[in-house]
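Q: Please read through the structure below; I'll follow up with questions.
The values are calculated or read from the model by the stated rules, or taken from the named source; none is laboratory data. Everything numeric in this text was worked out from a predicted model, so none of it was measured. Ideal geometry is used to build each Cβ from the backbone, glycine not excepted, and the neighbour counts take in all protein chains shown.
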Amino acid sequence: MSNILLISNSPDFAADLKEQLELYASDFNVFEQWDDDIIFDAAVVDDLPETVASLQQKLRRTPIIFLSNSENDFGDSVTVIVKPFCLEDFLDSVLSCVNLFAHSRDGRLSFGHYVLDASKKEIKNTHSRNVVKLTEREVAILNYLYKAYPKIVSKSELLSEVWGYNPDATTHTVETHIYRLRQKVEEDSSDPIILTEESGYRLNF
């Protein structure tokens with residue numbers, strides 16, 4: 001499931017938009033309030049430019065869609081849709097934003113001295129220039145940690161978000177995958193790709 005933050009001063013407009021999102025994109029969870037415990041895949045803001053500016057600070061790696069009556073320029077992280085708009089175009093924009101981490105503009109995500117190419121399932125060390133092949137699960141782990149940064153992600157959250165419903169998977173499964181991923185990618189154990197924190201994991205940016 002993908003989490004969408006929807007903020008509007010118009011309860012009727014927000015309710016209608018939420019209904020359309022849930023009707024045509026059933027894999028979306030739509031939230032109308034900010035929650036520190038939720039990792040949002042995209043944010044939709046209805047004609048509140050000051051809210052966009054605030055969210056840009058909170059959601060540094062999450063795409064934002066701004067619905068406005070006029071053209072605005074907030075930079076590359078914000079997609080502006082001028083009202084009135086076609087529902088199909090709006091849904092396409094939201095879906096594109098949600099898929100950003102798997103299909104970014106150049107197909108890559110950069111963090112620390114690594115570049116992850118999710119489509120090729122490869123990660124490159126920009127210092128040594130070495131390229132390592134990854135499994136789909138390893139890509140999913142890195143994608144989720146990237147999206148969550150700087151939040152520390154617990155083992156149980158990774159298990160839920162990356163493995164989904166799998167009766168054979170446990171938090172030990174997560175530990176094993178993280179260990180194997182480190183062994184495969186890291187060339188210097190003193191400079192880990194993933195940091196182990198007391199309550200979970202986060203990427204080493």
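Q: May I ask you to verify whether Val30 is farther than 17 Å from Tyr144 by Cβ, modelled with pLDDT under 90 and surrounded by 14 or more Cβ atoms within 10 Å (Cβ to Cβ)?
A: Judged against the criteria, Val30 is not a match.
Q: For the stretch 106-124, check the following and say yes or no: at least one residue is part of a helix (DSSP H, G or I), of a type in the set (Ser, Thr, Tyr) and modelled with pLDDT under 90.
A: Within the stretch 106-124, not a single residue is part of a helix (DSSP H, G or I), of a type in the set (Ser, Thr, Tyr) and modelled with pLDDT under 90.
Q: Which is more than 21 Å from Ser96 (Cβ to Cβ), assigned to a helix (DSSP H, G or I) and charged (D, E, K, R), of Glu22, Glu50?
A: That would be Glu50, the only listed residue that is more than 21 Å from Ser96 (Cβ to Cβ), assigned to a helix (DSSP H, G or I) and charged (D, E, K, R).
Q: Also, I was wondering about something else. Kindly list the number of the only condition in (1) within 27 Å of Tyr144 (Cβ to Cβ); (2) crowded, with 18+ Cβ neighbours inside 10 Å that fails for Asp46.
A: In the conditions (1) within 27 Å of Tyr144 (Cβ to Cβ); (2) crowded, with 18+ Cβ neighbours inside 10 Å, Asp46 misses (1) alone.
Q: Which pairs turn up if I take residues in the stretch 122-139 that are within 13 Å of Glu186 (Cβ to Cβ) and look for partners that are among the polar types (S, T, N, Q) and part of a strand (DSSP E or B) with beta carbon separation below 8 Å, at least 6 apart in sequence or on another chain?
A: Val132/Asn125
Q: If you don't mind, another one. Here is a check on your reading of the model: is Thr176 loosely packed, with under 12 Cβ neighbours inside 10 Å and either at pLDDT 95 or above or more than 29 Å from Lys58 (Cα to Cα) (or both)?
A: Yes, satisfied.
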